[in-house]
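Take a look at the structure set out below.
The values are calculated or read from the model by the stated rules, or taken from the named source; none is laboratory data. Since the structure is predicted, the reported quantities are computational estimates derived from the model, not experimental observations. Cβ: placed from backbone, ideal geometry, glycine included. Neighbour counts: every protein chain shown.
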Amino acid sequence: MVGLARVLVHVFFRRVQVEHAERLEGGRPTVLVVNHGNGLVDGVLLIAALGRYPRFLGKSTLFHLPFLWPFLKLGGVVPVYRAHDGVPTSRNAGTFAVARRLLAHGGMVAIFPEGISHDEPALQPLRTGAARIALGAADDGVAGVETVAVALVYDDKQRFRSRALVRVGVPEPVDGWMDDYADDDHRAVRHLTAHLADRLRDVGPGYASWADAERVAAMAEIVTRAQTVLPGEVGLADRQRVAVALTEAGDHPGPAVDRLGAAYDTYRRDLTMIGLDDAQVAASYGSGRLRWSFVGAMAKVLGALPLAMAGMAIHLVPYQLIKVVGRIPANQGMRATVKLLGCFFTFTAVYVVLGVSIGEAFGAPFGALAAVGAPVCGYLAVRMIERLGRMGGAIEGFRWAGRQGPVLASVQRHRGAVVDAAHQVLTTTGPAPGAGGRGTTDRHGP
C-alpha cells in the first residue's frame, strides 16, 4: 500500500515537502489529527509522505462505493458510523476498540476530525472522536498516548502536477488531561477537542475567504523568493511559514500592515499590466546561463522526444476523458479524488490492453515490455511538457526585460517595496523570509 501511494503521489504532484516528519517516531501510540480538504488524496498523501504507516478512521458510507472500497480494505481503514448516515452509532464501540488496540501496540491512528472533506478556507468544527479515542486508550492503561496535529497544504488541490506540503506539529501527551477525564469524561473530551482545533490552526491557519488565502500566499511567495539567474520556484514550506507569520500580523492591523497591502496592490497591478509573474520579474537573466540552460533543456527534450510522443499518444484519450469526468463533482476535493482514482484505473486498463494486444501479436516479452514501458513514456511526456513550459517562461521574461528595461526597473522597485514592507511586518512576528525550516524534506522534486 505504501509503494502504491508513493507512485500515485509522485505522479499526481510535481513536488511534495514534509516538515518535521522526525516528530513521528516509531513505537509511540499516536493519534494523528489532520485537516480534510482534498478527499481521498489526503489519505494517500499521508501514507506516501510519513515515515510511519497510519491506520485511518473513515466514514462507513465510503465502503459502499465500488471503486473505493478495495483501497479502503487494502489500507486497513476502520469504519466510523454516523447517525445521519442512517446507521446505528452503537457500532462505533467496535471501531474505538480497534483504535485502542492499535495504540496499545504502539501504532498510529489517523483521524480527519472535521468529519467531512470540504472546500472551505478555514478549519471546520471538529468532532470529538479523536479526543475520545486518545483519552479512552490512556484510561485503559495504554502508556504514552500522544496527539499530533498535521496540516495538509496544497497549491491547487485539484490540479494535476501541483505541489503539496505536509506540516507535522509538536506531539503532546494526553497525560495532563487524565485528572479532568476522571472527574468528568465528557468535559475533558470537549476541552481536548477544542485544544486540538487550536493546534491544527497553528500548523495550518485558516482564512476568512479564498481571496484572502491567495493574497497572503502571493505576498509570502514574493517575500520568500530569492533572486535567481532564471525564474525559480519558492519552496511551499518556506512560503507557508511566512504566510503564517503574515496571517498572525494581519490579526493586529497597523501602519506597517497597511503599507504592505498598498505596496502589494501596486505591484500586483504591475504584473497584470506587463503579463509576467513574480518569478519572471525577480530573475536576473544572465544571458550565458540562459543560453546554456536552453541548450541543455532542448537536448533533454530531443533525447526523450520519441518516447514522450509515444507516451502522449497512449495517454491522451484516457487523460482527456478523466479530465472531463473530473469536472463533474462540485467539491474540489472530490474532483481530485476522481482524477487520481480515474487515472489509476483507466491507465492501468490501457496498459493491460496494450500489453495483451502486443503480446498476442509479437510475443509475451514484447507485451510485457509495452505494459511496463507505457507508464514510463507517459511520465517522460509530463516531464518534457513541464520543462518546455519553464524554459518558455524564462525566454518570455528575458525578451520582455530586454525590450522594456525602464518599465521593468519601475516594476522591480515596486517589488522591492513589497519586500521591505513585509520585512517590517515580520520583524516581530515571523521567521526570516527565505530561511529554510529545519526538519523539512522533499519526498520528490522536479
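Quick rundown of the values:
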quantity	calculated
Residues being at pLDDT 75 or above and either assigned to a helix (DSSP H, G or I) or surrounded by 15 or more Cβ atoms within 10 Å (Cβ to Cβ) (or both) - total across the stretch 404-439	21
Qualifying position, being at pLDDT below 95 and in contact with an Asp or Glu (Cβ under 8 Å, 6 or more places away or on another chain), among PRO173, PRO79, PRO121	PRO121
Pairs with Cβ under 8 Å, 6+ apart, first in the stretch 327-340 and closer than 9 Å to GLN158 by Cβ, second part of a helix (DSSP H, G or I) and among the charged types (D, E, K, R)	GLY333/ASP42; LYS339/LYS323
In the stretch 341-372, residue farthest from ARG327 (Cα to Cα) [restricted to those that are in contact with a Leu (Cβ under 8 Å, 6 or more places away or on another chain) and in contact (Cβ under 8 Å) with a residue 40 or more places away in the chain]	PHE344
Strands (runs of 3 or more DSSP E) contained entirely in the stretch 10-109, each with at least 3 residues that are within 29 Å of VAL189 (Cβ to Cβ)	30-34, 55-59, 78-80
Criterion (in contact (Cβ under 8 Å) with a residue 40 or more places away in the chain, charged (D, E, K, R) and part of a helix (DSSP H, G or I)) met by exactly one of ARG201, ARG167, ARG127	ARG201
Condition broken by ILE116, with the remaining ones in (1) surrounded by fewer than 16 Cβ atoms within 10 Å (Cβ to Cβ); (2) part of a helix (DSSP H, G or I); (3) among the aliphatic types (A, V, I, L, M) satisfied	(2)
Some residue of the stretch 87-110 being under 29 Å from PHE13 (Cβ atoms) and either without any contact (Cβ under 8 Å) to a residue 12 or more places away in the chain or more than 29 Å from the chain's Cα centre (by Cα) (or both)	no
Matching residues in the stretch 74-86 - criterion: being without any contact (Cβ under 8 Å) to a residue 60 or more places away in the chain and touching a helix residue (DSSP H, G or I) at 6+ places or on another chain (Cβ under 8 Å)	VAL77, VAL78, PRO79, VAL80, TYR81, ARG82, ALA83, ASP85
Residue match in the stretch 173-182 (condition: within 30 Å of VAL338 (Cβ to Cβ) and either outside the structural domain of GLY43 (by TED's automatic domain parsing) or outside any helix (DSSP H, G or I) (or both))	no
